[in-house]
Amino acid sequence: MRKIILAASLAASTLPLSVTASEITIGLSEHVVSANLKANINPHSNLEAGYIYSDKKGQLAEFAMHMTHQTGAHTIEIGPKWTSVWFDDNPDGSVISVGGHYSLALGNNISIHGDAYYAPSVLSFSDVDGYTELGAKVQYDFNPNMAIFIGYRNLKFKYDNQSNRSFEDGFYIGGTSRF
């Protein structure tokens, strides 16, 4: 837990003074804990920093910048994401993926969210030869500042000379705080 707090604090301290955090998200599964900090730069762009720790696989850090668009119940965020992984038993590596987030507010404080990112081999470094990330979650907002969710995510790294390796593939629960 100290690593998560330290990573979030370091990410927040590197932001310019005009940027303020707007969301902190914590996710938990049986073997994985994740923390994500999202900061709005202006109404049409944001920065994200995330950290995932798996007691069976290793650690992962990610930083993203998105262009955002909101129209009615739909929100779309598109941009690049830098991801670096430190596997316990596989080679480490980094990727620059492209993709984003989509959310749809269904009413009654319920929304659905989807994430997708892809990095081809030309944007993969060290021993990694590609990356795919897919995720989905259903979220319930208690009020404008607090929400809980249940979701599924699959983070998969491709290697040249080894079999592909999922960093996480399963369901998780969590909460979001907005300020």
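What does a probe at F142 reach in the stretch 93-120, counting residues whose amide N is under 18 Å from the point 7 Å along Cα→Cβ?
108-111
Exceeding 18 Å between C-alpha atoms, which entries from my cross-link table qualify? They are K38/K81; K57/K81; K57/K137; K38/K156.
K57/K81; K57/K137; K38/K156
Using Rg/Rh (Cα atoms, Kirkwood Rh) as the read-out, say which of (1) 0.95; (2) 0.98; (3) 0.93 was calculated from these coordinates.
Checked against the structure: label (1).
Efficiency by 1/(1 + (r/R0)^6): what FRET value for A105 and S45, r their Cβ-Cβ distance, R0 = 25 Å, to the nearest 0.05?
Between A105 and S45 the formula returns 0.75.
So how far apart, in nm, are the two label points at V122 and I26 if each is 7 Å from Cα heading toward Cβ?
4.2
Pairing the Cα long axis of helix 2-13 with the longest principal axis of the chain, what angle in degrees results, from 0 to 90 and rounded to the nearest 10?
Its long axis makes an angle of about 60 degrees.
Got a number for carbon plus sulfur as a percent of the chain's accessible area, 1.4 Å probe?
Ligands and nucleic acids excluded, carbon and sulfur give 62 percent.
Taking 25 Å as R0, compute the FRET efficiency from the Cβ-Cβ separation of R178 and Y152 and round it to 0.05.
Efficiency at R0 = 25 Å is approximately 0.65.
With a 1.4 Å probe and all protein chains left in place, how much accessible area per residue does the chain have, in Å²?
With the other protein chains kept in place, the chain gives 55 Å² per residue.
For every helix of n ≥ 4 consecutive DSSP H residues, a contribution of -39,500 (n - 2.57) applies; sum these over the chain, divide by its total residues, and give [θ] at 222 nm rounded to the nearest 500 deg cm²/dmol.
After summing the helix terms and dividing by residue count, I get -2000 deg cm²/dmol.
The values are calculated or read from the model by the stated rules, or taken from the named source; none is laboratory data. Just so it is clear, the structure is predicted and the values come from calculations on it, not from any experiment. With ideal geometry, Cβ positions are generated from the backbone for all residues, glycine too; neighbour counts draw on all protein chains shown. Keep in mind that these areas ignore ligands, DNA and RNA; they rest on the heavy atoms of the full protein, side chains included. Shrake-Rupley method; radii C 1.70, N 1.55, O 1.52, S 1.80 Å.
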